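What follows is a single structure, written as structure tokens, with notes after it.
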Amino acid sequence: YTRQRPVCTLGERAWSDDRKADRGSGMAQLSQRYGVFYFYASSCSACDVFSPILKAVSDKFGMSVLAVSMDGGPSPVFPNYMVDTGQYERLGLGGERQVPALVLFDSVTKQPMPIGFGILTQDEIMDRVFQLTQVQPGSDY
């Protein structure tokens with residue numbers, strides 16, 4: 001197991017560097033198949049912080065983002081937003097309506113995959129998308 005997932009500091013750093021390289025090359029190809037639903041509210045201060053982070057990831061990898069306003073208000077970062085007409089519930093996010101929320105959508109299988117809620121860093125977004133799309137379940141542990 002420790003050959004596949006090193007536990008010593010130097011080994012883990014090498015594994016982590018390789019993983020980031022794999023993640024970066026994998027993310028560049030994902031935009032052809034996957035898109036992201038971004039649920040936000042114009043009155044949400046966490047959304048104000050998170051929107052530019054998501055925009056940077058989107059710009060870097062060419063991934064399309066569909067911004068969906070939960071309160072009908074605009075987004076200065078995503079001007080081509082739409083107002084929620086039930087997408088939140090249809091994508092399986094439940095009734096609590098937490099924002100910000102990200103959902104990865106597979107255009108081939110038509111399956112939504114929740115990425116996360118709240119403020120995420122660029123690395124967290126990329127790691128989660130990589131885990132959902134490139135890593136076989138159970139192979140990382």
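The values are calculated or read from the model by the stated rules, or taken from the named source; none is laboratory data. Values in this document were obtained by computation on a predicted structure and should not be read as measured data. We place every Cβ from the backbone using ideal geometry, glycine too, and count neighbours over all the protein chains shown. We work out accessible area using only protein heavy atoms, side chains counted, and drop any ligands, DNA or RNA first. Shrake-Rupley method; radii C 1.70, N 1.55, O 1.52, S 1.80 Å.
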(message) Being open to solvent by 50 Å² or more (accessible area, probe 1.4 Å) and on the phi > 0 side of the Ramachandran plot is true for just one of Gly92, Gly86, Gly72. Which residue is that?
(response) Gly92
(request) Take Gln122 and decide whether it is over 12 Å from the mean Cα position of the chain (by Cα), modelled with pLDDT under 95 and open to solvent by 20 Å² or more (accessible area, probe 1.4 Å). (result) no
(request) Within the stretch 20-38, track down each residue that is modelled with pLDDT under 75 and more than 12 Å from the chain's Cα centre (by Cα). (result) Lys20, Ala21, Asp22, Arg23, Gly24, Ser25, Gly26, Ala28, Gln29
(message) With under 19 Å from Leu91 (Cβ atoms) and open to solvent by 20 Å² or more (accessible area, probe 1.4 Å) as the only criterion, which of Val49, Val65, Val36 stands out?
(response) Val65
(request) Identify the single condition in (1) modelled with pLDDT of 90 or more; (2) surrounded by 11 or more Cβ atoms within 10 Å (Cβ to Cβ); (3) among the charged types (D, E, K, R); (4) under 14 Å from Ile125 (Cβ atoms) that Asp59 does not satisfy, given that it satisfies every other one. (result) (2)
(request) Collect the residues in the stretch 98-119 that are without any contact (Cβ under 8 Å) to a residue 24 or more places away in the chain, closer than 17 Å to Val68 by Cβ, surrounded by fewer than 18 Cβ atoms within 10 Å (Cβ to Cβ) and not small (Gly, Ala, Ser), keeping them in residue-number order. (result) Gln98, Pro114, Phe117
